[in-house]
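Right, I'll just put the structure down here and ask away after.
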Amino acid sequence: MIVPGSATQVLATELAATTGDDIANVTFKTFPDGERYVQVDDVADHTVIVSSTVSDGAHIELLQLQDAVREAGASEITTVIPYLGYARQDTAFEAGEPVSARAMARALSTGTDRVITVNPHEVAVCDFFDVPTTAVDAAGQLAEPLPTLSDPLFLAPDAGATALAQTVRDAYGEGETDHFEKTRHSGDTVEIEPSDATVADRDIVLVDDIIATGSTMSESVAVLTERGAAEIYVSCIHPLLARNAYTKLVQAGVTHIYGTDTIERPVSAVSVAPTLAAEI
Ligand code: R5P
């Protein structure tokens, strides 16, 4: 039995179709005081909850789903968190700060026997959970929507995304891999320092784990456009696209944006359901 979170209904349904499991009907409501309510119509002995924690409300809802499923009699609960919110706050960067990823992981561990997530910002975040936790890698699937490319360069906007870019390149089957350097000045201000790689007249596939404000990608696209790149494809695992990110990318000249359905957005062209089904 698969139980979907309210923000992850498309992926949960796709996963159920892939595994052949039934999907539960869940009622979602909000009380006048803003508190959330869920009711799950059916559970199985082994129940899989699928819910991306895309917002604070989604965190609360997931805790409620876990409790509801246990209360209804499930003896084994697998919690699939395709997009793990707060994962980038994985250390106390300054005195007085929380390790928010750890706080969320501890809370979510109490209601499950196992956790599966998809490409967290750092795999080490899995260690914050008190139950067995696996991070699956869906990066190779980002090659699926790419057309035939001309002399492609698979480019990470910062060194941290180099492995992702390499995985997409390997899945595509040809091309070079390189990375830019990024300095983040604030939540939505970044500075990109390009590499020496030749980009003129080449098709470029920019690959990152997440597009949040879109600053990283739009600044990278500006550099590439100035240097005469041919087509630029922007791809990411988690298309969070917060605030005006989508508009920012379009204004930067991006015409091809591909993300997965860990977060359900219009650009979610790739489903991670097969990758998750193989792990469940
Ligand atoms: C950070 O290192 C991540 O890999 C992403 O590059 C970052 O979170 C993207 O954020 P934004 O879209 O706000 O620039």
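The values are calculated or read from the model by the stated rules, or taken from the named source; none is laboratory data. Predicted, not measured: the structure shown is a model, and the values here were computed from it. Counting neighbours? That spans all protein chains shown, and the Cβs are built from the backbone with ideal geometry, glycine included.
Checking the condition under 20 Å from the mean Cα position of the chain (by Cα) and part of a loop (DSSP other than H, G, I, E, B), which residue from Val54, Val43, Val48, Val80 passes? Reasoning before the result, please.
On the way: Val43 fails: under 20 Å from the mean Cα position of the chain (by Cα); Val48 fails: part of a loop (DSSP other than H, G, I, E, B); Val80 fails: part of a loop (DSSP other than H, G, I, E, B).
Exactly one residue qualifies, and that residue is Val54.
Considering only the stretch 202-280, give the helices (runs of 4 or more DSSP H) lying wholly within it that have at least 1 residues that are away from the ligand (no atom under 12 Å from the Cβ) and farther than 28 Å from Ala17 by Cβ.
Passing ranges, in order: 215-226, 245-251.
Just checking, how many residues over the stretch 158-191 are in a strand (DSSP E or B), more than 10 Å from the ligand (Cβ to nearest atom) and buried (at least 16 other Cβ atoms within 10 Å of the Cβ)?
Matching residues across the stretch 158-191 total 3.
Show the residue pairs that are 6+ apart or on different chains and have beta-carbon atoms under 6 Å apart, the first residue being within the stretch 21-43 and without any contact (Cβ under 8 Å) to a residue 24 or more places away in the chain, the second being assigned to a strand (DSSP E or B) and surrounded by 15 or more Cβ atoms within 10 Å (Cβ to Cβ).
Taking only residues 6 or more apart or on different chains, the pairs are Ile23/Ile2; Ala24/Val3; Ala24/Val40; Thr30/Arg36.
Of everything in the stretch 121-157, what is in contact with a Ser or Thr (Cβ under 6 Å, 6 or more places away or on another chain), in contact (Cβ under 8 Å) with a residue 60 or more places away in the chain and not in a helix (DSSP H, G or I)? Give them in sequence order.
Listed by number, the residues that qualify are Val136, Ala138, Pro157.
Can Thr13 be described as among the polar types (S, T, N, Q), part of a helix (DSSP H, G or I) and more than 25 Å from Pro132 (Cβ to Cβ)?
Yes: the conditions hold for Thr13.
Test Glu97 against the criterion of being of a type in the set (D, E, K, R) and either in contact with a Lys or Arg (Cβ under 6 Å, 6 or more places away or on another chain) or not assigned by TED's automatic domain parsing to the domain that holds Leu15 (or both), and give yes or no.
no
Another question, if that's okay. Considering only the stretch 192-201, state which residues are over 22 Å from His121 (Cα atoms) and either near the ligand (Cβ under 10 Å from one of its atoms) or part of a strand (DSSP E or B) (or both).
Answer for the stretch 192-201, where residues must be over 22 Å from His121 (Cα atoms) and either near the ligand (Cβ under 10 Å from one of its atoms) or part of a strand (DSSP E or B) (or both): just Ala200.
Somewhere in the stretch 203-212, is a residue out of contact with any Phe, Trp or Tyr (no Cβ under 8 Å at 6 or more places or on another chain), surrounded by fewer than 19 Cβ atoms within 10 Å (Cβ to Cβ) and not aliphatic (A, V, I, L, M)?
Checked the stretch 203-212: no residue is out of contact with any Phe, Trp or Tyr (no Cβ under 8 Å at 6 or more places or on another chain), surrounded by fewer than 19 Cβ atoms within 10 Å (Cβ to Cβ) and not aliphatic (A, V, I, L, M).
I'd like the full set of residues that are of a type in the set (S, T, N, Q) and touching a Phe, Trp or Tyr at 6+ places or on another chain (Cβ under 6 Å), limited to the stretch 107-122. First the steps, then the outcome.
Within the stretch 107-122, the first condition is being of a type in the set (S, T, N, Q), and the residues that meet it are 109-110, 112, 117, 119.
Ser109 - this is the single residue of the stretch 107-122 that is of a type in the set (S, T, N, Q) and touching a Phe, Trp or Tyr at 6+ places or on another chain (Cβ under 6 Å).
Let me ask another. Out of all the residues in the stretch 44-58, is one or more surrounded by 22 or more Cβ atoms within 10 Å (Cβ to Cβ), closer than 27 Å to Asp127 by Cα, within 16 Å of the ligand (Cβ to nearest atom) and of a type in the set (S, T, N, Q)?
Yes, because at least one residue in the stretch 44-58 is surrounded by 22 or more Cβ atoms within 10 Å (Cβ to Cβ), closer than 27 Å to Asp127 by Cα, within 16 Å of the ligand (Cβ to nearest atom) and of a type in the set (S, T, N, Q).
Same structure, new question: Can you tell which of Val250, Val254 is free of Cβ contacts under 8 Å to residues at least 60 places away in the same chain, out of contact with any helix residue (DSSP H, G or I) (no Cβ under 6 Å at 6 or more places or on another chain), not assigned by TED's automatic domain parsing to the domain that holds Ile81 and not acidic (Asp, Glu)?
On the way: Val254 fails: out of contact with any helix residue (DSSP H, G or I) (no Cβ under 6 Å at 6 or more places or on another chain).
Of the residues listed, the single one that is free of Cβ contacts under 8 Å to residues at least 60 places away in the same chain, out of contact with any helix residue (DSSP H, G or I) (no Cβ under 6 Å at 6 or more places or on another chain), not assigned by TED's automatic domain parsing to the domain that holds Ile81 and not acidic (Asp, Glu) is Val250.
Follow-up. Condition (residue is farther than 24 Å from Pro274 by Cα, in contact with a helix residue (DSSP H, G or I) (Cβ under 9 Å, 6 or more places away or on another chain) and without any contact (Cβ under 8 Å) to a residue 24 or more places away in the chain) applied to the stretch 68-91: is it met by at least one residue?
Yes; the residues of the stretch 68-91 include at least one that is farther than 24 Å from Pro274 by Cα, in contact with a helix residue (DSSP H, G or I) (Cβ under 9 Å, 6 or more places away or on another chain) and without any contact (Cβ under 8 Å) to a residue 24 or more places away in the chain.
Residue-by-condition table, conditions (1) of a type outside the set (S, T, N, Q); (2) in the same structural domain as Gly57 (by TED's automatic domain parsing):
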{"position": "Asp90", "(1), (2)": "yes, yes"}
{"position": "Arg102", "(1), (2)": "yes, yes"}
{"position": "Thr112", "(1), (2)": "no, yes"}
{"position": "Asp127", "(1), (2)": "yes, yes"}
{"position": "Glu144", "(1), (2)": "yes, no"}
{"position": "Ser195", "(1), (2)": "no, no"}
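Restricting attention to the stretch 219-253, which residues are more than 27 Å from Tyr86 (Cα to Cα) and of a type in the set (A, V, I, L, M, F, W, C)?
Scanning the stretch 219-253 gives Ala222, Val223, Leu224, Ala229, Ala230, Ile232, Ala252.
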